[in-house]
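Below is one structure, written out as structure tokens; the observations come after it.
The values are calculated or read from the model by the stated rules, or taken from the named source; none is laboratory data. Only a predicted model underlies this, so the values are computations on that prediction, with no experimental measurement involved. Glycine gets a Cβ as well: all are built from the backbone with ideal geometry, and neighbour counts include every protein chain shown.
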Amino acid sequence: MDYRNRFFLFILLLSICNVVNAGIDKNITIKGKIVDAETKQPLEYATVSFYSYAQKKVVDGIITNTNGEFSIKVAQDIYDIKIEYISYKTITIKNKEINQNLNLGTLQLELNFESLNAVEIVAERTTVEIKLDKKIYNIGKDLTTAGGTVSDALNNVPSVSVDIDGAISLRGNESVRILINGKPSALAGFGDSNVLSQLPAEAIERVEVITSPSARYDAEGTAGILNIILRQKETLGFNGSLNATVGNPDNFGINVNINYRTEKFNLFSNLGFRYFNAPRNSFDDTEYFDRLVNGATITPEFERIIEDEQVERLNRNYNGNLGLEYFLSDKTSVTGSLFYRYGEDADLSKNNSERFNNNSVVERTLRQERQEEDGGNYQLALNYITRFDKNGHELTADIQFENGSEDQFTFFDEDYIITNQTNPDPFQREQVFVNQKEKEYLFQTDYVLPIGKNSRFEAGYRGNFNNEVSDYLLEQEDIVTNTFFVNDTISNVFDYSQNINAFYTQYGTKFGQFSFLVGLRLENTQLKGNIDSRLTDAELEEAFGFPIDTDFNNNFLGLFPTLNVIYNLSGTEDDSEESITLGYNRRVNRPRGFFLNPFPSRSSRTNVFQGNPNLNPAFASAFDIGYLKRWDKLTLTTSVYYQYETDSFERIQENTGQQTTDGIDIIRTIPVNLSTNKRTGGEFGILYNPEKWLRLNTSFNIFKFETEGEFNGVSYAANNTSWFARFSGKVTLPHKIDWQTNAFYRGARQNAQSKDKGIFSLDLAFSKEFFNDNATITLNVRDLFNSRKRRSTTTTDFFSSFNESQRRQRQVNLSLIYRFNQQKQRQRRQNNDDDDLDFDS
């Protein structure tokens, strides 16, 4: 029986005792205080029980308050008085005659280290919980991600995969919403490349994989939601940890957590710095075909182009978080926090390009791109919560403000190494200056009302108001004067706002072996943008090949119903041994500003990415059926799912009809709304712990998607089946040495134009505990065989291209974590963990 069940059983016994003894005269007051023998901090929720010699049973009891104090009235009798607290040695005062008021004074409890060690084994084990609208993976001690980031840790969570570019997908779908502690976070920075790269992996306590979100959550993300819950420091007194990492390629990081809690407030802080070199490389081999234009055959200037790019990336990131939780009363608290992030990046890219005709090199160039970027953001958050009772009746309110900016400078230079041209014109050098600013406001309130023992009503509001301004300035070289001038046909300012107002209500109930949670969310989305450019709308349409609205203001009103059901096959009210879940929800995928800005990137002269301001949100309906079976040492989870999405986003490649100054066709990648996207899939996972020294974890996902639709008269229908699997094994060796192996394989996949080959990677790690388990040193190797590379082939009517790219090479890290005054913290969390009233299976 776990600690929470023991706690509630104790309360039940006390209630029974109170009923039985209702008629007994209780006029003697017993007082006292319970504290930690070492720190002298009071112990809240310690239990004091009274065993009556006359009645031969426990007849009374009480729990200490936040000050560790208790006061109880008892009848005159002879008692054994027992004082207990989880993971502490029990004190028993035997054969105590009570015939007058008594103050027991301050009683000091000592830690029970055997109990601590027993619970520590559980804390290291990854477990899964099934709720009505989510799966909760309590992250164990993952050695392979020590010294890594939250993004690295997510790649070991079932149903989740992180590709070589850092894009996070859920069941193979990248339209996934990332939340931190249930809310949007400043960790994202500008664009996906910075998502979750600022927090160490050790900061995660659990990950909620929400494939069938209830109405309480944002409707954003057709794949679902990943809610990352960070570790909370709630131990009374002063405690913290230090985490330091060194690695190769260059990787140095240090992170400090310091927390101090008293009876009235909880002060918490986190400071971190990381410097790393993340070299990447890519190889492209493109063959160009003749194409027919207006009845005439156009022969390309070059039959084949091979590009070999090597990139050095130096990054320096700083982050800090400071917060204060103040307890206005036993039921009400206010929490304020400040998060700040600052980063400096310096990248140098060298792209060797070889151009072929008749299988011979006719031209070779070297293109260099130097990029410098610095900027940061801060986030202010204020949270208010009132718990009206212990049954879950509560009101919460949140206000959050984010402000950020980034400045980016990029210099492009290209020179001929070999050419068959006579006195060729030199390439123009280019300078790009980009300033990005972002502001976001969040207002949220939630009200929860329990109805009886097994039902609950919820309602709430959330407002998200986001504005991004991107100021893009291109300077190009005048070949004659060697000076730079502003290209005002490409320079532009893109001002984009996304404003969302949402109201929701939901009702959950249990009866018999069934649990239901039904809800409805109403969201109004405003997508508003203004493109400040010298070009007229007609000139933009001619340049980009499709009509462009330079001042758009689109509103979308949507209803998003949700239904989640659990049938408990085991018929118990505790954590289910066997259950079936059913979920339905409607979701939306809104385009980001990067996807809407029509002005193309300049990182390549021949392959550009261009946004599409005509993009509309995509809507999806999803169905999910799951099954859970839990044995003593093994847990099995399975599910099948189906999703139907309309106006789904798809990136397509097409010839712009334009050429570079040296005659190379310019190919663009552009996101468009295709007609439909159908996804069908299944997954299963196994957690197996046959012995204390052996823990095994494996999962498998297979999915099929069908895309139908066309753009500019070209059909992009596709039908593809893909899969990915992972395995993790952890062995505890003698002398407190742990060995962990993680393996991942993603099967081949394809979309409308491209085919990707499978990817395999293997991680290894070893760790050793020191200093009475207060320190841990870990050595890990991520991607042992340096095999995490994307290999894809793209085929269209006018070219065929093979690409091999590797965003991060094999990484070796050595990490040290030192903890102080945290040994009791894990136990405190278990004792105080409030039921989240999600109607556990």
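Of the residues screened, ASN701 is one that is polar (S, T, N, Q), under 25 Å from GLU577 (Cα atoms), in contact (Cβ under 8 Å) with a residue 12 or more places away in the chain and assigned by TED's automatic domain parsing to the domain that holds TYR644. Within the stretch 464-488, the set of residues being of a type outside the set (A, V, I, L, M) and surrounded by fewer than 14 Cβ atoms within 10 Å (Cβ to Cβ) comprises ASP478, THR481, ASN482, THR483, PHE485, ASP488. One residue stands out among those in the stretch 761-799 that are more than 24 Å from ASP738 (Cα to Cα) and either modelled with pLDDT of 90 or more or under 27 Å from the mean Cα position of the chain (by Cα) (or both): the one that is surrounded by the most Cβ atoms within 10 Å (Cβ to Cβ), which is ARG788. With the stretch 530-641 as the region, which strands (runs of 3 or more DSSP E) entirely inside it contain at least 2 residues that are touching an Asp or Glu at 6+ places or on another chain (Cβ under 9 Å), assigned by TED's automatic domain parsing to the domain that holds ILE666 and of a type outside the set (A, V, I, L, M)? Once the strands (runs of 3 or more DSSP E) in the stretch 530-641 are filtered for at least 2 residues that are touching an Asp or Glu at 6+ places or on another chain (Cβ under 9 Å), assigned by TED's automatic domain parsing to the domain that holds ILE666 and of a type outside the set (A, V, I, L, M), what remains is 551-568, 578-589, 618-630. As a summary of the residue check, GLY657 satisfies the conditions (1) part of a strand (DSSP E or B); (2) of a type in the set (Gly, Ala, Ser); (3) closer than 30 Å to ASN524 by Cα except for the one numbered (3).
For every residue, the table says whether it meets (1) modelled with pLDDT under 80; (2) buried (at least 16 other Cβ atoms within 10 Å of the Cβ); (3) in the same structural domain as SER333 (by TED's automatic domain parsing).
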residue: THR29; (1), (2), (3): no, no, no
residue: GLU44; (1), (2), (3): yes, yes, no
residue: THR47; (1), (2), (3): no, yes, no
residue: PHE70; (1), (2), (3): no, yes, no
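Filter the stretch 720-749 down to the residues that are assigned to a strand (DSSP E or B), small (Gly, Ala, Ser) and either modelled with pLDDT of 90 or more or under 16 Å from GLY682 (Cα atoms) (or both) and list them by number. Matches in the stretch 720-749: SER722, ALA725, ALA743.
Note on the stretch 661-718: residues that are in contact with a helix residue (DSSP H, G or I) (Cβ under 9 Å, 6 or more places away or on another chain) and not in a strand (DSSP E or B) amount to 1. Looking at ASN719, ASN712, ASN772, just one residue is polar (S, T, N, Q), without any contact (Cβ under 8 Å) to a residue 12 or more places away in the chain and assigned by TED's automatic domain parsing to the domain that holds GLU287, and that residue is ASN772. Pull up the stretch 650-703, narrow it to residues that are over 30 Å from LEU628 (Cβ atoms) and of a type in the set (Gly, Ala, Ser), then point me to the one that is surrounded by the most Cβ atoms within 10 Å (Cβ to Cβ). The residue in question is SER675. Condition first: under 30 Å from ARG364 (Cβ atoms) and charged (D, E, K, R). Can you find one or more residues in the stretch 600-612 that meet it? Yes: the stretch 600-612 contains one or more residues that are under 30 Å from ARG364 (Cβ atoms) and charged (D, E, K, R).
Checking LEU366, LEU382 one by one, the residue that is surrounded by fewer than 15 Cβ atoms within 10 Å (Cβ to Cβ), under 33 Å from the mean Cα position of the chain (by Cα) and at pLDDT 90 or above is LEU382 and no other.
Residue count for the stretch 59-83 satisfying the condition of being over 25 Å from LEU111 (Cβ atoms), assigned to a strand (DSSP E or B) and in contact (Cβ under 8 Å) with a residue 40 or more places away in the chain: 6. Scanning for something surrounded by 19 or more Cβ atoms within 10 Å (Cβ to Cβ) and either aromatic (Phe, Trp, Tyr) or in contact (Cβ under 8 Å) with a residue 12 or more places away in the chain (or both), does the stretch 289-297 turn up at least one residue? No, that holds for no residue.
Looking only at the stretch 88-121, residues that are modelled with pLDDT under 80 and more than 14 Å from GLU38 (Cα to Cα) come to 8 in all. Just one of the listed residues (ARG274, ARG280, ARG304) is under 24 Å from ALA775 (Cβ atoms), surrounded by 18 or more Cβ atoms within 10 Å (Cβ to Cβ) and charged (D, E, K, R), namely ARG274. Per the conditions (1) at pLDDT 90 or above; (2) among the charged types (D, E, K, R); (3) assigned to a loop (DSSP other than H, G, I, E, B), the sole criterion not satisfied by GLU804 is (3).
One residue stands out among those in the stretch 461-488 that are outside any strand (DSSP E or B) and touching a residue at least 40 places away in the same chain (Cβ under 8 Å): the one that is farthest from GLN436 (Cα to Cα), which is ILE479. Checking the stated criteria, ILE139 turns out to be touching a strand residue (DSSP E or B) at 6+ places or on another chain (Cβ under 6 Å), closer than 30 Å to TYR627 by Cα and either at pLDDT below 75 or in the same structural domain as THR262 (by TED's automatic domain parsing) (or both). Among residues of the stretch 270-281 that are closer than 11 Å to TYR318 by Cα and assigned by TED's automatic domain parsing to the domain that holds ARG808, those with a Cβ under 9 angstrom from a residue that is β-branched (Val, Ile, Thr) and surrounded by 18 or more Cβ atoms within 10 Å (Cβ to Cβ), sequence gap 6+ or separate chain, pair up as ARG274/THR149; ARG274/THR245.
Total residues in the stretch 436-460 satisfying the condition of being assigned to a strand (DSSP E or B), of a type in the set (Lys, Arg) and over 26 Å from ASP374 (Cα atoms): the figure is 1.
Apart from one condition, ASP647 fits all of (1) buried (at least 17 other Cβ atoms within 10 Å of the Cβ); (2) on the phi < 0 side of the Ramachandran plot; (3) at pLDDT 85 or above; the exception is (2).
Output yes when any residue across the stretch 408-415 is aromatic (Phe, Trp, Tyr), modelled with pLDDT under 95 and either in a loop (DSSP other than H, G, I, E, B) or under 26 Å from the mean Cα position of the chain (by Cα) (or both), and no when none is. Checked the stretch 408-415: no residue is aromatic (Phe, Trp, Tyr), modelled with pLDDT under 95 and either in a loop (DSSP other than H, G, I, E, B) or under 26 Å from the mean Cα position of the chain (by Cα) (or both).
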